[in-house]
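A.B. asks: First the structure, then my questions, so here it is.
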Amino acid sequence: MKKPALLFITLLAACLLQACHGNENSGEDDTTTTITDTSKNVTLIIGKDDAKFVTDVAEACLAEIKIGDLAKSRGADKRVKNLGALLVKDLTKGHGRLALLAKSKKIALADTISADDQQSIAELAKKSANEFDHAYMGKMKNDYKKALVLFQATSKSAFDPQIKEFATRNIPTIQRHLDLIEAIEGSLK
């Protein structure tokens, strides 16, 4: 008796959420994706922007980890090397937590980085040690400013409460990294 009632309540909640967040301009909803897990009789409704946030952040983490590894090996300044190591450590942890969240939401993550990121890494790898430090720090500053804006927006507008919480929880870390990046960049010779 409990399972049919639970299924009915879940479906009713899904319908209500769909109605509350539906697209009024057409018969289809462009803002959410519905995923049904028949093995558990569960229907998940994920905002398409939420799913894009998760996939974009996961791909960015992979790229930043590769760039951090490059900084550890190519950086001339010890602070740049240490920053690379710190970012690799923190982003690896963050990517792991994000992968668990994505799995729970049935969001598939890429295991490779984009062609643009690969090109950016290749360009950084060609630079001399001192040029590398300045280029790396400039890229990190730009990337972290964009990340901060993205996470702040998602923390306010995400449809899924767990994705919203993930974004909110990571804002202080992103800000701390950005502050460190700006301090190091400002003192590079």
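FYI, it's all coordinate maths here, none of it is from the lab. What you see is a predicted model; the values in this text were computed from it and never measured. Cβ sites come from the backbone with ideal geometry, for glycine too, and all protein chains shown count toward neighbours.
A.B. asks: Quick one: L124, L91, L100, fewest Cβ neighbours within 10 Å first, how do they rank? Intermediate values should be presented prior to the final figure.
C.D. replies: On the way: L124 18, L91 22, L100 11.
By the 10 Å Cβ count, ascending, the order reads L100, L124, L91.
A.B. asks: Could you state the number of Å between the C-alpha centres of the range 119-189 and the range 74-104?
C.D. replies: 11
A.B. asks: Further question: Where the convex hull is taken over the Cα atoms of the range 50-187, what is its projected area averaged over directions, in nm²?
C.D. replies: For the range 50-187, the mean projected area of the Cα convex hull comes to 7.5 nm².
A.B. asks: Which of the lysines could a cross-linker span from K141 if the Cα-Cα distance has to be under 25 Å and same-chain partners fewer than 8 positions apart are dropped?
C.D. replies: Straight-line reach from K141, under 25 Å: K52, K66, K72, K78, K81, K89, K93, K126, K127, K156, K164, K189.
A.B. asks: Could I ask something else about it? Tell me, in nm to one decimal, what length is gained between L86 and K141 on full extension, where the rule is 0.36 nm per residue of separation less the Cα-Cα distance?
C.D. replies: Working: separation 55, 0.36 × 55 = 19.80 nm, distance 1.49 nm.
Stretched fully, the L86-K141 segment lengthens by 18.3 nm.
A.B. asks: Tell me, what HN-Hα J-couplings in whole Hz come from the Karplus equation 6.51 cos²θ - 1.76 cosθ + 1.60 at θ = phi - 60° for each residue of the range 148-155, using x for Gly and Pro?
C.D. replies: Per residue, the Karplus-derived 3J(HN,Hα) values read 4, 4, 4, 5, 5, 5, 5, 5 Hz.
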